[in-house]
Amino acid sequence: MDARATTHDRTDWRELVTVVLLSVTAILTAWTGFQASKWSGAMSIAFSQASTARIEASRLDADANRKQTIQVQLFSQWLSAYQQGDTQLADFLEQRFPEPLKTAFPVWIASRPLQNPDAAASPFALPEYAIPETAQAEASDARADAKFREALRNNQRGDNYTALTIAFAAVLFFGALAGRMRDRRSQWALLTLGIVGCLVLSGILVSFPKLV
């Protein structure tokens with residue numbers, strides 16, 4: 001009778017350990033699956049933001065190119081009028097130079113480009129000539145690059161959680177298989193393997209970044 005009671009107690013302990021292992025692992029498996037889904041969503045958002053920033057950069061760059069083209073044409077007309085001695089037309093064009101040509105032009109004239117070999121070839125080569133849209137396009141491009149890198153990181157984190165989900169599923173398999181084994185040593189061997197795997201995977205899970 002005593003031997004049977006001892007065996008029954010041991011069986012209860014094994015079953016209790018199995019239930020706890022399966023319960024905890026099931027919760028952790030669900031959590032890792034949830035995190036994988038969250039990081040996948042974050043990846044999609046980051047990719048979308050990168051695409052939006054890239055489109056904005058293209059638009060701003062096109063605006064900057066259009067402005068510069070117009071201003072180059074105005075400057076070419078002024079230069080032609082100046083060479084022909086048409087002071088009235090040259091003054092007319094100069095008074096209507098838009099920014100930033102309006103700011104860079106007098107600086108270029110002050111450098112005496114016809115006498116000074118070190119002077120800039122045109123106002124467009126001066127630091128004073130800066131179209132705001134050009135800087136904005138560069139900033140938008142930088143944001144797009146940053147968001148693209150963020151999306152790749154989020155994708156990798158989602159993959160890491162997916163791999164962890166599969167690993168926790170393996171722990172569930174070992175725990176469930178332990179209950180099917182008739183040999184007590186095999187049962188405890190599988191349970192021990194499952195417990196160790198669960199602890200190791202839990203440590204890895206703690207080290208992963210999380211989204212809530």
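So the values come out like this:
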{"item": "Residue 150, sole failed condition from (1) in contact with a Lys or Arg (Cβ under 9 Å, 6 or more places away or on another chain); (2) of a type outside the set (Val, Ile, Thr); (3) more than 21 Å from residue 79 (Cα to Cα)", "result": "(1)"}
{"item": "Criterion (at pLDDT 95 or above and of a type in the set (Val, Ile, Thr)) met by exactly one of 27, 55", "result": "55"}
{"item": "Answer residue from the stretch 162-186, given it is free of Cβ contacts under 8 Å to residues at least 24 places away in the same chain and part of a helix (DSSP H, G or I) and is surrounded by the most Cβ atoms within 10 Å (Cβ to Cβ) among those", "result": "174"}
{"item": "Test: residue in the stretch 153-161 that is part of a helix (DSSP H, G or I) and under 18 Å from residue 23 (Cβ atoms)", "result": "no"}
{"item": "Criterion: without any contact (Cβ under 8 Å) to a residue 12 or more places away in the chain, in a helix (DSSP H, G or I) and either surrounded by 15 or more Cβ atoms within 10 Å (Cβ to Cβ) or not hydroxyl-bearing (Ser, Thr, Tyr) (or both) - qualifying residue of 115, 88, 49, 68", "result": "88"}
{"item": "Residue list for the stretch 118-127, restricted to those being without any contact (Cβ under 8 Å) to a residue 40 or more places away in the chain and surrounded by 14 or more Cβ atoms within 10 Å (Cβ to Cβ)", "result": "119, 120, 126"}
{"item": "Options 170, 142, 135, 130; residue that is on the phi < 0 side of the Ramachandran plot and in contact with a helix residue (DSSP H, G or I) (Cβ under 8 Å, 6 or more places away or on another chain)", "result": "170"}
{"item": "Positions within the stretch 92-105 being surrounded by 13 or more Cβ atoms within 10 Å (Cβ to Cβ) and over 40 Å from the mean Cα position of the chain (by Cα), in sequence order", "result": "92, 93, 94, 97, 105"}
{"item": "Subset of the stretch 91-112 [among the acidic types (Asp, Glu) and either part of a helix (DSSP H, G or I) or on the phi > 0 side of the Ramachandran plot (or both)]", "result": "91, 94"}
{"item": "Hits in the stretch 187-207 - residues which are loosely packed, with under 15 Cβ neighbours inside 10 Å, polar (S, T, N, Q) and over 18 Å from residue 33 (Cα atoms)", "result": "192"}
{"item": "Single unsatisfied condition, residue 54 versus (1) within 30 Å of residue 155 (Cα to Cα); (2) of a type in the set (Lys, Arg); (3) loosely packed, with under 13 Cβ neighbours inside 10 Å", "result": "(3)"}
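The values are calculated or read from the model by the stated rules, or taken from the named source; none is laboratory data. Predicted, not measured: the structure shown is a model, and the values here were computed from it. Methodologically, a virtual Cβ is constructed for each residue, glycine included, from the backbone with ideal geometry; neighbour enumeration extends over all protein chains shown.
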